[in-house]
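Let me begin by presenting the structure, written as structure tokens, before commenting on it.
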Amino acid sequence: MQNFVYHNPTAIVFGKGTIATLAERVPKDVPVLLLYGGGSIRRHGVYDQVKAALAGHSRVVEFGGVEVNPLHETCMKALEKVREHGVGFILAVGGGSVLDASKYIAAAACLEGIEPWAILTSGGAVVQRALPIGTVLTLPATGSESNGNSVISRRETQEKLAFASPLVFPVFSILDPETTFSLPAKQVRNGLVDTFAHVMEQYLTYPAAAPVQDRFSEGLVQTLIEVGPRTLSDLRDYDARAGFMWAATLALNTLIGCGVPQDWSTHMIGHELTAFYGLDHAESLAVVMPGVWRHQIERKRAKLAQFGQRVWGVDSAEAAIEATEAFWQSLGMPTRLRDYGVDADEAARRIETRFRQRGTVLGEHGNLDPAAVAAILRLRA
């Protein structure tokens with residue numbers, strides 16, 4: 001296990017009725033930006049709970065309309081409001097997309113004389129300051145409520161890029177499983193697969209003498225295997241949803257990745273499928289990840305075999321891949337490009353070209369060049 005420093009400044013407030021605690025957690029001495037998505041929080045009562053909790057805050061500026069894959073262009077409109085009203089705190093209410101947008105806006109608000117998109121580009125601006133953020137999570141999936149990661153898309157250039165900074169960790173996050181009861185089954189399915197993939201990107205590399213991280217990771221996916229079907233069969237099962245929600249937070253709050261090698265190639269390839277073809281984030285992960293594992297099976301064999309034995313009760317790396325893909329399919333998640341009408345050869349050519357232009361090399365061994373990425377995508381026809 002490698003040396004590491006663990007620091008997570010987010011206070012988690014978990015359980016029923018916890019939105020009311022906003023009254024004591026959101027600062028009253030600065031204007032607050034209330035950021036949310038397409039309006040579902042209004043239909044399902046979350047908006048009313050938030051507004052009731054903020055009744056004592058006289059300077060709340062609202063901005064809605066953040067997309068499922070948050071757009072740079074929309075974030076810049078929100079940034080205009082931040083600057084116009086002198087906002088000093090951002091409260092993001094929604095799923096990972098809204099939370100990711102809040103981080104980008106929080107960092108962009110503190111830039112001077114620099115184009116905000118530079119935060120996301122290689123060799124671009126480094127985040128040195130950011131507005132403080134609080135969150136109310138309504139869709140468990142990304143772990144954005146307890147990390148410093150953000151993924152933003154740009155319509156103009158068909159790009160989807162990420163940045164990370166400890167300065168955009170939320171100062172608090174409220175997780176009330178009941179706020180997620182109204183989610184459609186597809187979004188629950190997506191969240192389960194997204195969470196599963198987050199664990200695997202940090203776990204499924206090669207043995208690194210990290211038994212605690214390994215067992216923690218295996219326990220998280222075993223929890224998803226247990227509660228996933230339950231929460232899909234009964235969308236109002238509080239205990240199942242609470243288990244899922246907490247697993248999603250722990251999957252990407254930086255803890256299980258401490259001191260171990262990580263492989264985020266599936267995410268990087270998946271972002272391009274979303275940018276070019278509009279696949280949901282989780283849909284892209286379910287397509288790509290089995291291809292990465294099969295392409296890299298010799299390098300990942302030891303960890304795949306461990307995963308198969310401990311989690312699925314199977315005796316080979318190949319069987320572990322098959323069991324994982326079958327589980328995702330049992331949740332109703334397609335796992336092939338053809339399921340979305342995407343031509344694998346075309347996708348391979350487009351993404352290989354983009355990665356060559358960027359000089360992108362992926363994988364825990366740094367051995368997935370653009371040609372390897374193209375080969376992985378062709379495996380997923």
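The values are calculated or read from the model by the stated rules, or taken from the named source; none is laboratory data. Since the model is a prediction, treat every value here as computed from it, not as a measurement. All Cβ positions, glycine included, derive from the backbone under ideal geometry; neighbour counts span all protein chains shown.
The table below gives the values:
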read-out: Among (1) assigned to a helix (DSSP H, G or I); (2) without any contact (Cβ under 8 Å) to a residue 12 or more places away in the chain - the single one Val314 does not satisfy; value: (1)
read-out: Residue within segment 203-221 that is assigned by TED's automatic domain parsing to the domain that holds Thr121 and either on the phi > 0 side of the Ramachandran plot or out of contact with any strand residue (DSSP E or B) (no Cβ under 9 Å at 6 or more places or on another chain) (or both) present; value: no
read-out: Residue in segment 154-171 that is nearest to Thr74 (Cα to Cα), counting only those that are buried (at least 22 other Cβ atoms within 10 Å of the Cβ) and out of contact with any Gly (no Cβ under 8 Å at 6 or more places or on another chain); value: Lys160
read-out: Restricting segment 1-59 to residues that are part of a loop (DSSP other than H, G, I, E, B) and touching an Asp or Glu at 6+ places or on another chain (Cβ under 8 Å), the residue that is modelled with the lowest pLDDT; value: Gly38
read-out: Residues located in segment 231-257, provided they are closer than 24 Å to Gln2 by Cα and among the β-branched types (Val, Ile, Thr); value: Thr249, Thr254, Ile256
read-out: Selection count where residues are within 18 Å of the chain's Cα centre (by Cα), aliphatic (A, V, I, L, M) and under 14 Å from Leu33 (Cβ atoms), scope segment 66-90; value: 1
read-out: Selection status of Gly88, surrounded by 13 or more Cβ atoms within 10 Å (Cβ to Cβ) and in contact with a Ser or Thr (Cβ under 8 Å, 6 or more places away or on another chain); value: no
read-out: Residue within segment 204-212 that is surrounded by fewer than 24 Cβ atoms within 10 Å (Cβ to Cβ), assigned to a helix (DSSP H, G or I) and modelled with pLDDT of 95 or more present; value: yes
read-out: Index of the failed condition, Ile351 passing every other in (1) touching a residue at least 24 places away in the same chain (Cβ under 8 Å); (2) farther than 24 Å from Ser122 by Cα; (3) surrounded by 14 or more Cβ atoms within 10 Å (Cβ to Cβ); value: (2)
read-out: One residue from Gly341, Gly291, Gly313 being at pLDDT 95 or above and at negative phi; value: Gly291
